[in-house]
Structures are given as structure tokens and as C-alpha cells.
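The values are calculated or read from the model by the stated rules, or taken from the named source; none is laboratory data. These numbers were taken from a predicted model, which means no experiment stands behind them. Cβ coordinates were reconstructed from backbone atoms using ideal geometry, including for glycine residues, and neighbour counts include every protein chain displayed. Areas reflect the complete protein model, heavy atoms only, side chains present, ligands, DNA and RNA absent. Shrake-Rupley method; radii C 1.70, N 1.55, O 1.52, S 1.80 Å.
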Amino acid sequence: MAKKKTTIPQYGTVMRKGVQYYRTRILDADGKKVSLYATTCEELYEKQAEAKRQVEEIIFHREHPTVAEYCEKWLLMQSAKVSAATLKGYTSNMNNYIIKPMGDMYMEEVTADDIRLALVPLSKKSAGLYNTVNMLIKCIFYSAERSQLLQHNPCVGISSKGGKPIQKKEALTDQQVKVLLDTVKGLPPQLFVMIGLYSGLRREEALALQWDCVFLDAPTPYISVRRAWRTEHNRPVISTTLKTKAARRDIPIPKCLADYLREVKETSASEYVISDSNGEPLSASQFQRVWQYVVVRSTQARNYYKYVNGQSIKYTVTPALGMTQKNNPKIQYTLDFHVTPHLLRHTYITNLLYSGVDPKTVQYLAGHENSKTTMDIYAKVKYNKPEELFAVVNGALFHELHPEITAFDYSWSIVNDPKKTEAVKSGLKNIVASYNNIALDEINTAIEYEKMSNTLAFGSMEVLSWMVFLFGVINLINTTLSNQIARKRENSILRSIGLIQKQLCKMNICEGLCYALFATLATLIVGFPASIFACRKMSIGAFAGKVVPYKFPVLEMGLFILVLFGMELILSVWTIRRQKKQSLIEQMRAME
């Protein structure tokens, strides 16, 4: 078949710099006219066809973008209202956890199952990372839905819960703070550690702190937070844009920090409180090297690699407290606890709460925009202190409810974290020691007392249970034997009319097992409700009205069933063997 000949239209011509060109106009993707030029009609025709194809492709991708294309567009829209650091974090998370698994799919093709599959690898990551990626996915698809690119949003119904729970942070104790300060004394991180422990500044606030915001000559020395530190390509950038509006605050500082800052200021030639040798703020890598002075003095496990016969072999070394480093005897392992820069700030906030500072003041000093953050820490700290519990319960609860009562007896039950049992016990003992009219009882003492006081009652019930069990077994044996003797003549007649010995054996064994099965069912039907009722009544009487959950006696019931079925089987076999010793005629005569 002959190929259809392409008809090339006649284009108009224009003169440009003394050269004649053919020209045509087309509409681009934005609806604007664009001119195309060529020296020949054939060339111009090809240019026009290629330009139209590109415009159609652009329009198609605008109406049907892929996930990767829309993610790029969404990030561009967000760049106008988020910081560079936040945008960098969004970009990294999108590339790794959204674009990798779903980037080549069109937005309208993505289903809820595709999103759930993309979130599966994140279930093994931290809950914070899982929530961040989950939030990004939902923001992208809700934005596409508002732009009418989607008929149905696949994010509807996707759970926001997932990932490994964040490990609970424990603030440094007073003893750990003392050890840390002794360890960093005279070392580069000392200034940063002091500022973190006694002013609670964030890392970006401490590294951006300048001397014009440190007021040491005021009646109450304080630090004014006005700048924040961040890095771009490992270079420090200081800006007045803080993390939140609440981060702009004035923090009074204690005498120990004020005195130390005065000493540092006398020898400082930089406008920054924490600076490098050139007086400039620290870069990201410089701060890591500074903090490494703390890390190398801790006893946390370290991984090393050795090359043996060209192969890299990994081995772990766990230093012992008090030892010195093998290659540098000046470095001694003195920290047997983990320390991070943020833990210094967490310790500062915790100490404020321990000192009785009200949560709203702590929220201001910490620079928390949301009070929930402060209250979460407050609840964990405040209500894990036994002395605070005692004061709150004793003063605010009982006296507020019954102010007219001056002499009373009452008791409180205190439940605490098992890991803090010794600390709680010690704190309660200190409280009890200061009052003559207060006594302290432990749960273990109460349990032993209840066991001792109820030994006779429970022992009597146990003896009664065994007697009932033995009586039932004897009664079942008697019933089985009586039935076998009574049916001896009947069995003989059955055998005389053709019932073989094997069939008779099966019949006897099945009857015995049926007796055992009916006895077991009767025990469960009658005994189970009776046991629950008895457990409820006895626990109410023994534990001051508290109902103890009933626990089914699996082992005892198993032994009971084993004895019943075993006994019936033995009796059936014994009866069969006894019948075998007598002839059929003897058995029939014995019953006359």
C-alpha cells in the first residue's frame, strides 16, 4: 500500500536581518501565541508538529500529573511560607518515602492500598518520622483534591498512628549534672553545656547568642533570645526568624551561669558568645567536633573496623567507667549515662517543674508555643513525685471536701512506675518519718497478711474440694461396676445371638467414656458458675470490696479429666478381661 503523501501548507514569509524566513504561530500551554521560524516549509512544518506535541504533553501533565511532578509543584508552593531548613526536611522525606515508591504513578491512579504499602517501611522507623511522612502525603493529596485534579482522595481513612514509639527521655539527675560539669570543665563544650543546663536554650538559640543579648549588669541577669542559628551547605546562617513566636523571650539566669559568662566575656574577642577561633559562629561540623569531647568520655559502646587480609571486620568495644582511652591517656571515661544537646534543655525544664514553678511560667521560659508540650512534661514530672502526690491529695482533696473535719483516719494507695519503686519508697519513707500519725504499708506486706489470714479458709475449701472429688470418683466407679454386673446377662444373650467379643469390647469402652464425658460436662456446667460466684463473694470480703478476677484452674481440671477417662478405660478393660475368663454358658447360668 502506498504511503500517504504529507501535504505541507504554504506559510507566510518575513525578512529578518536580510534573510527570508517562513513563519507560523501556535498557542503555547498558557494560551499565548508563539512564533516559529524556519528557512524552508518542510522544516517549519516539522517544528510546528513538534511544538504542538510538546504543548499537548504539557497540558496533559498539568491535568494528569504524576506523584513526582505534583510533589515538586507542592514543594515550590510551600517554599514561600516555610523556612529553608523545613523545606529541606520535606524534600528529603518526599524523595525517600513518597517519590521512590509512588513517583511514577499518576495522581489519579494512586489508591489507598498504594499509600499503605508506601507507609509499611516507615512502621519500623520512629513514630515522629512516620507522622511527618503521613502528614506530607495527606497534604499533597488534599491539595490536589482542592485543585480538582482528583475525583476521589485516597488518603481518606488512612490512619495517622504508626512507627516505633518515641523512647521516654529521662532528665539528668543532680549527681549526673555534677559529673557532666566536672567532665567538661576546661573543655570546648563547657560553655554550651552551662547555657543549656541553666537557661534551657535550644541548640540553634545558644549557637546564635550574641553578647548584646546577654545582660549581666542588670539587677537580675538575663538572656534575651532574639536570633536563631541554622546551616546551609555546612556554613552558619544567623537570622532573626525564630522557631515560633513564643521563642522570643527573656530568661533570667542563675548566679553560677552569670559568673561564668562574665569570665568568658572578658577573654572573648567575638560578638558571639559561642564562636570558633576566628570569632565566627560555629558550622554544623564544628559543633559536632565540639560535642565529640562529651561523646568520647562516655561509656557507650563503640563500633570499630579492622582490615584483616583485605576484609573489613566490625567489632564492638564497651569502655569501663574510670578507664582511660588506650591511644590517649588524657581522656578518661567518666560518663556512664547518655547525654545529648537537647537533654540539657529537657533537664532545665524538668528542674523548673521540680522546683514548683507553675506551668505557664515554664511555658514562657521554655519558649513553647503550645501549652500541651509543657503540660506533657509537667504531668510526667509532677505526678511521679510521691511528696507532691501526698501534698496534693492531703491538702487539696480531703480538706477541700471536708473542711469541718479536724481529726480523721484515712489511707491512700499510690501506684508508681516499677522502675522507680526504690525512689518512690525512699521518698515516702522520708515523708512518714516526719509525721508520728502516718504509717506506710507496702503491697507485699498486705499480700502476705491476706495470705496468712485466709490460709485456714482456703485450706478448708481445698480439703472439701478433694473430698468431693474422691467421693465423685468412688461413686462413678460404683455406678460403672453396678451397670456392668446388671448387664452381664444381657451381654451374654447378645453374644449368643451373634455379637462378637470385639464388638462387645468396643461397646463397653464407649459406654465408659460416655460416663466420663457426661461427668466432665456436669462438672463444668455446675462448677464453673459456682466457682465464679464463690470467687466474687470471697474476694469482696477479703479485699475490701474489690473483685478479684476469676482464674480457671486449667491444671486441676486437666488432672480431673485425665483421672475420669483413665479410670473408665481401666474398668472397661477389667470387665472385658473378666468376661473372657468365663464361657458364655457360665455367664448365663451365673445370672440365674
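How would Glu43, Glu63 line up by accessible area, probe 1.4 Å, largest first?
Per-residue accessible area, sorted high to low, gives Glu63, Glu43.
Which order, highest average first, do 323-330, 520-527, 175-182 follow once you tally other Cβ atoms within 10 Å for each residue and take the mean per peptide?
175-182, 520-527, 323-330
Short version: ³J(HN,Hα) in whole Hz for each residue of the range 291-305, in order, from phi by Karplus 6.51 cos²θ - 1.76 cosθ + 1.60 (θ = phi - 60°), x for Gly and Pro, what are they?
3J(HN,Hα) across the range 291-305, in whole Hz: 5, 5, 4, 7, 4, 5, 9, 9, 9, 5, 5, 10, 9, 10, 10.
How would His368, His342, His152 rank on accessible area, largest to smallest, probe 1.4 Å?
Order by accessible area, largest first: His152, His342, His368.
Going by amide H atoms built from the backbone, whose H comes under 5 Å of the H on Ala38, apart from near neighbours?
Tyr22
What are the extents of the Cα atoms of the range 1-142 along their three principal axes, listed from largest to smallest and rounded to whole Å?
Here the Cα extents, ordered largest to smallest, are 68, 46, 20 Å.
Can you sort Ile140, Ile509, Ile58 by solvent-accessible area, 1.4 Å probe, largest first?
The ordering from most to least exposed comes out as Ile58, Ile509, Ile140.
Give me a comma-separated list of calculated 3J(HN,Hα) values for the range 226-234, in order, Karplus coefficients 6.51, -1.76, 1.60 applied at θ = phi - 60°, integers in Hz, x for any Gly or Pro.
Residue by residue, the range 226-234 yields 9, 9, 9, 9, 8, 10, 10, 6, 6 Hz.
Considering all projection directions equally, how large on average is the shadow of the alpha-carbon convex hull of the range 273-361, in square nanometres?
Computing the convex hull of the Cα atoms and averaging its projections yields 10.0 nm².
Taking amide H positions as placed in the peptide plane 1.01 Å from N, state which residues far from Arg249 in sequence (5 or more) or on other chains have amide H under 5 Å from it.
For Arg249, whose amide H was placed from the backbone, the distant partners under 5 Å are Val225.
Lys and Arg at +1, Asp and Glu at -1: add these up for the other residues within a Cβ distance under 13 Å of Val184 and post the number.
Charge balance in the 13 Å sphere: +2.
Percent of accessible area on the range 16-133 owned by carbon and sulfur, 1.4 Å probe?
Carbon and sulfur: 52 percent of the exposed surface of the range 16-133.
With 21 Å as the limit, write out which pairs from Lys169/Lys245; Lys88/Lys168; Lys425/Lys537; Lys125/Lys169; Lys306/Lys326 have Cα-Cα distances beyond it, or answer none.
Where the Cα-Cα span goes over 21 Å, the pairs concerned are Lys169/Lys245; Lys88/Lys168; Lys425/Lys537.
Hey, what D do you get for the range 192-348 in µm²/s if you plug the Kirkwood alpha-carbon radius into Stokes-Einstein at 25 °C and 0.890 mPa s?
Rounded, D is 138 µm²/s.
Using a 1.4 angstrom probe, figure out how much accessible area the range 238-344 has per residue, in square angstrom, rounded to the nearest whole.
65 Å²
Can you list residues whose amide H is under 5 Å from Gln210's amide H, if they're 5+ apart or on another chain and H is modeled 1.01 Å from N?
The answer is Val273.
Keeping all protein chains in position, work out how much accessible area Trp74 exposes to a 1.4 Å probe, and write it in Å² to the nearest 10.
The value for Trp74 is about 10 Å².
Sort the range 173-284 into rounded, prolate or oblate with this rule: let a ≥ b ≥ c be the square roots of the eigenvalues of the Cα gyration tensor; rounded if a/c is under 1.5, and if a/c is not under 1.5, prolate when a/b is larger than b/c, oblate otherwise.
Rounded shape, in that the Cα axes give a/c under 1.5.
Could you check the spin-label model distance between Leu559 and Lys32? Points 7 Å from the Cα along Cα→Cβ, value in nm.
9.3 nm
Mind listing the phi-derived Karplus ³J(HN,Hα) values for the range 111-117, rounded to whole Hz, using 6.51, -1.76 and 1.60 with θ = phi - 60°, and x for any glycine or proline?
With the stated coefficients, the range 111-117 comes to 10, 4, 5, 4, 5, 5, 5 Hz.
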